[in-house]
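Since the structure comes first, as structure tokens, the remarks are kept for the end.
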Amino acid sequence: MGRYILKRLAQMIPIVIGVSVIVFLLLSLSPGDPAKMILGLNAKEQELQLMREQLGLNDPIPVQYFNYMKKVVVGDFGTSYSTKQSVIEMIGVRLPPTLILSFGSLFTILIVAIPLGIALAVKQNSPFDNIMRVVSLFFAAMPGFWSGILMIILFSVHLGWLPANGFDTPSAMIMPIICSSIAGWAVNSRITRASMLDVIRQDYIRTARAKGLKESIVIRKHALKNALLPTITSVGMAVGGCFGGSVIMEMLFGINGMGKMMIDALRQKDIPTIMAGVIITSVIIAVANLLTDLAYSFVDPRIRSMYARRRAQRKEVTGNGAN
Amino acid sequence: MAQIDVTLAPARRKKSKKRSLWADAWLRLRKNKSAVAGMIMLATILIVIYSSPLYLDYDNDVIKPDLTHTLQFPAEGKLLGTDELGRDVLARILWGGRISIGIGVLSMLLSSIIGCTLGAISGYYGGKTDGIIMRSLDVFMAIPSLLLMITLVSVMKPTITNLIIALAIGSVPSVSRMVRAQVLYIKGQEFVEAIRAQGASDFRIIVMHILPNAISPLISQFVMEIAGLILAISGLSFIGLGVQPPDPEWGAMLSSGREHIRDVWHVTAFPGIALVLTVVALTLVGDGLRDALDPRMKR
Amino acid sequence: MQKKLLEIKDLTIKFHTDDGVVEAVNKVNLTVHEGETLGIVGETGAGKTTTALGIMGLVDCPPGRIEGGSILLDDRDILRLNEEEYRKLRGKDISMIFQDPMTALNPVFTVVDQIAEVIANHQQLGEKEAEKKAIEMLELVRIPAERAYEYPHQFSGGMKQRVVIAIALACNPRLLIADEPTTALDVTIQAQVLELMKDLKTRSKTSMMLITHDLGVVSEICDQVAIMYAGEIVESGSLEDIFENPLHPYTNGLFGSIPDIDKEVEFLSPIEGLVPDPSDLPKGCKFHPRCKYAQHLCSIEEPVFQETSPGHYAKCFVYEGKLPVKEVKKYE
């Protein structure tokens, strides 16, 4: 299992590099002059030339890329063109809110969608189920920024209970996290419901009942573990969506996170910041994907065997313990 | 009196009419109540929105500001009130709908064409070609699609055409993957071998035999993707990177209305409702299509 | 005569579906005595599995409903029990094993876990002790203890069925219902599993109700036999009675359709016609459309299930003397 993890981590590297290449290329080829960004529009041509030389903008693009990446591997992400701060410092400040928002929303999705999905499956075709089908349909269609605005109108403007901006106190975190989760609740509760319905029809559930077990145990122990896989897949795929969607949430709620940083940086063609943001985001997402896969193997022993079998096969091929 | 009178129980056999796959699917779709509701909703929305040029004039109704009547609800002659520049909210919603839906559909078409091509080539030829294409797509998929779209839009000028291209590129990786999976499945079926044995060229096999079979389960996915793209374009416009003013767009309307939420709610409520209704309609139709076109579905 | 363990009287189970009412089980009468094995024979769709599920209380309600009759376990009508009391019986007093071993085990739990679970549920034992007993059960069904902690997908079909048997017998039930336990296995494994069941039967004196469509299996292991058709029992008696003196035309048809390796024939001789649709059963005797001896009476009235000789029951007008025919030709 450990070997599998290492293999996956190793596979991440070319992908992250690929991402950085593409983004770097896009940014280098797009219009806009970083020198002007830094020195301002009124700077003299001479100063601009000097700055361009300093930034290495006159080198061919591949050279620029290598120079950049050389610094990245030692942890130096450079200085922001617009804020003049060290990029690492900026990320240190802006990453935590984004992480809390994204993972907080994934967490709330899980704790709401899974029990709800189970309840809907058990009470299939009841009035509750039918109402929730319609409700889920609408909730899944509501974009986070709209539910955000509605919640702000209700809870901030009219009721004054929750702040409309910022992210520093728990009460400020409530609305952004909930709005990011609403669509996830709707979608994942449907997925869990469908998966549970599928599992409940299986023969081994009948065996469990024939053992005289309590129905609640049949559902919670026997059915649930088998039903979780599609939900894990869906939530795993939602990680990427959360990071993307957090951009919009941060703009709406005025949260000082990575998303807002990226938007500002894109507007000003602040290459170091953009690159850093993209690289770090893709690393986090790749790690999240790996964790999702590990969660699969944790839940389903057949997948666990598959990983172990690959290891065993490789051992056979490479001879005795080639490591 | 004893009579030898043996009557065989009539064997009831349901008459099976010969029906084509499409006619069959249409019948199933018609029976599905929520799909029918979705289709009616969608048809209504499309008719209302696309007939708007008949009674709306872009310059007068949609973009002309009227600073004497801002933020009114209700307002005279304006069913849904006026926005912060005095413009008719309803007119802007209808016009913006054409833009949003149009972009959604066009980018879906573009990404389908590219995605089908890549997926088909990758799935059919396999081997190194497959490896290269899939690895490259993996790189694109490593970036969240919204971030990818944002990046693309930022580096290009925000014209509608560029928006369509950016959105399409954002969708291509997942579409290619789906098409590839289908192609692999169909490729393994015997009739493909039979056709190849008849000497058909690769191109002919892919275009005339594999793709038509691959597409039908994907049609419902495509419809749902349109909904997703409409949400994406709203999101982009919300943060200012999508459709530019003075053109109306639902997300952009939400963004500009946001500054006035302390005073009025109608400027932000109605565009949102339009967005939700459109996505709901598309979702219902997409779901219905999936149930109708999937031959393995049991009732 | 041994004591009666299970007595089913006039059991009726119907399914109310959108396409009509399915009469799956119609006034079934069965008795199982202590220590004996009752075989229930019939074609697919005859209602055998539904009857078994009815005994276990596992019929899907809705759309199924038990609409009549009683099931007496030791003189206690278990159909009158509430769900909790019924649950206490399942796995402990009455156990059931199902047809398809490939899907009967939960893929995400180890084999020993699944056996220990039923033990722990019914007996107040700690985890470790339940596990120990579970491993003993595994050895009883000839699965080595080293494999106890493996998962179902790592076992073959025959071994999976043995695990299912271990689960069913873990709490020493008084009655074991086996629904076509060997149908899904190939013939050699079939023989192994049957042998195991015979062995366990002699050891633990468990009564068994074996559902099958295979007369060969019946002859191997059953003491009493009941023939089921269209949700009814049409004939029942001891193994000798049924095999040597089958009364009902259907029973004889079943025997007659078995090809005889000693005879040279050109055609097989199946029973004419098809099994009736349970949502549209024939009036009168349910077998009359396919019966060689049917008369007009058979299409309007139902015969009575009566004792023709000690312990041997049949449901046919021939034995009520109401038909011109006095005898049913054997094995045809």
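The values are calculated or read from the model by the stated rules, or taken from the named source; none is laboratory data. Computed from a predicted structure; not experimentally measured. Here Cβ is always computed from backbone atoms with ideal geometry, including for glycine, and neighbour counts include all displayed protein chains.
Name the single residue, out of those in the range C:93-111 being part of a helix (DSSP H, G or I) and surrounded by fewer than 22 Cβ atoms within 10 Å (Cβ to Cβ), that is nearest to the other protein chains (Cβ to nearest Cβ). Working first, answer last.
Within the range C:93-111, the subset part of a helix (DSSP H, G or I) is C:101-104, C:111.
Right, trim to surrounded by fewer than 22 Cβ atoms within 10 Å (Cβ to Cβ) and you get C:102-103.
Values: C:M102: 8, C:T103: 4 Å.
Per the stated criteria, the residue is C:T103.
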Item to complete: State whether one or more residues within the range A:77-93 are loosely packed, with under 14 Cβ neighbours inside 10 Å and touching a Lys or Arg at 6+ places or on another chain (Cβ under 8 Å).
Response: no
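Conditions (1) of a type outside the set (S, T, Y); (2) outside any helix (DSSP H, G or I); (3) more than 13 Å from every other protein chain (Cβ to nearest Cβ); (4) within 19 Å of B:L167 (Cβ to Cβ), marked per residue:
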{"position": "B:M224", "(1), (2), (3), (4)": "yes, no, no, yes"}
{"position": "B:V243", "(1), (2), (3), (4)": "yes, yes, yes, yes"}
{"position": "B:G251", "(1), (2), (3), (4)": "yes, no, no, yes"}
{"position": "B:S255", "(1), (2), (3), (4)": "no, no, no, yes"}
{"position": "B:R258", "(1), (2), (3), (4)": "yes, no, no, no"}
{"position": "B:G272", "(1), (2), (3), (4)": "yes, no, no, no"}
{"position": "B:V276", "(1), (2), (3), (4)": "yes, no, no, no"}
{"position": "B:V285", "(1), (2), (3), (4)": "yes, no, no, no"}
Item to complete: Please indicate, with yes or no, whether at least one residue in the range C:191-204 is in contact with an Asp or Glu (Cβ under 8 Å, 6 or more places away or on another chain), in contact (Cβ under 8 Å) with a residue 24 or more places away in the chain and assigned to a helix (DSSP H, G or I).
Response: yes
Item to complete: Please verify whether the range A:14-28 includes one or more residues that are outside any loop (DSSP other than H, G, I, E, B), over 15 Å from A:I274 (Cβ atoms), at pLDDT below 80 and not acidic (D, E).
Response: no
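Against the condition assigned to a loop (DSSP other than H, G, I, E, B), without any contact (Cβ under 8 Å) to a residue 60 or more places away in the chain, touching a helix residue (DSSP H, G or I) at 6+ places or on another chain (Cβ under 7 Å) and surrounded by fewer than 17 Cβ atoms within 10 Å (Cβ to Cβ), how does C:E150 come out, does it pass?
Working: assigned to a loop (DSSP other than H, G, I, E, B): yes; without any contact (Cβ under 8 Å) to a residue 60 or more places away in the chain: yes; touching a helix residue (DSSP H, G or I) at 6+ places or on another chain (Cβ under 7 Å): yes; surrounded by fewer than 17 Cβ atoms within 10 Å (Cβ to Cβ): yes.
Taking the combined requirement at face value, the residue satisfies it.
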Practice prompt. Could you figure out which of (1) under 24 Å from A:N256 (Cα atoms); (2) surrounded by fewer than 17 Cβ atoms within 10 Å (Cβ to Cβ); (3) within 14 Å of chain B (Cβ to nearest Cβ); (4) of a type outside the set (F, W, Y) isn't true of A:P34?
Written response: (2)
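For the range A:136-160: of the residues being of a type in the set (G, A, S) and under 18 Å from B:E259 (Cα atoms), which is surrounded by the fewest Cβ atoms within 10 Å (Cβ to Cβ)?
A:G160
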Worksheet, complete the sentence: Filtering the range C:60-92 for residues that are surrounded by fewer than 22 Cβ atoms within 10 Å (Cβ to Cβ) and more than 9 Å from chain A (Cβ to nearest Cβ) leaves a count of 23
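Tell me, which helices (runs of 4 or more DSSP H) lie completely within the range A:139-253 with 1 or more residues that are within 14 Å of chain B (Cβ to nearest Cβ)?
A:144-151, A:170-200, A:224-253
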Discussion item. What's the number of the only condition in (1) among the hydrophobic types (A, V, I, L, M, F, W, C); (2) in a loop (DSSP other than H, G, I, E, B); (3) touching a residue at least 24 places away in the same chain (Cβ under 8 Å) that B:L85 fails to meet?
Written reply: (3)
Item to complete: Test A:V287 against the stated conditions and say whether it is within 9 Å of chain B (Cβ to nearest Cβ), within 14 Å of the chain's Cα centre (by Cα) and either under 17 Å from B:S145 (Cα atoms) or part of a helix (DSSP H, G or I) (or both).
Response: no
Worksheet entry | Residues of the range C:247-273 satisfying the condition of being of a type in the set (A, V, I, L, M) and touching a Lys or Arg at 6+ places or on another chain (Cβ under 8 Å) | C:I271
Item to complete: Could you figure out which of (1) touching a Pro at 6+ places or on another chain (Cβ under 9 Å); (2) buried (at least 23 other Cβ atoms within 10 Å of the Cβ); (3) over 23 Å from C:S257 (Cα atoms) isn't true of C:A168?
Response: (1)
Worksheet entry | Condition met for C:Q114 (assigned to a helix (DSSP H, G or I), surrounded by 20 or more Cβ atoms within 10 Å (Cβ to Cβ) and either among the basic types (K, R) or more than 10 Å from chain A (Cβ to nearest Cβ) (or both)) | no
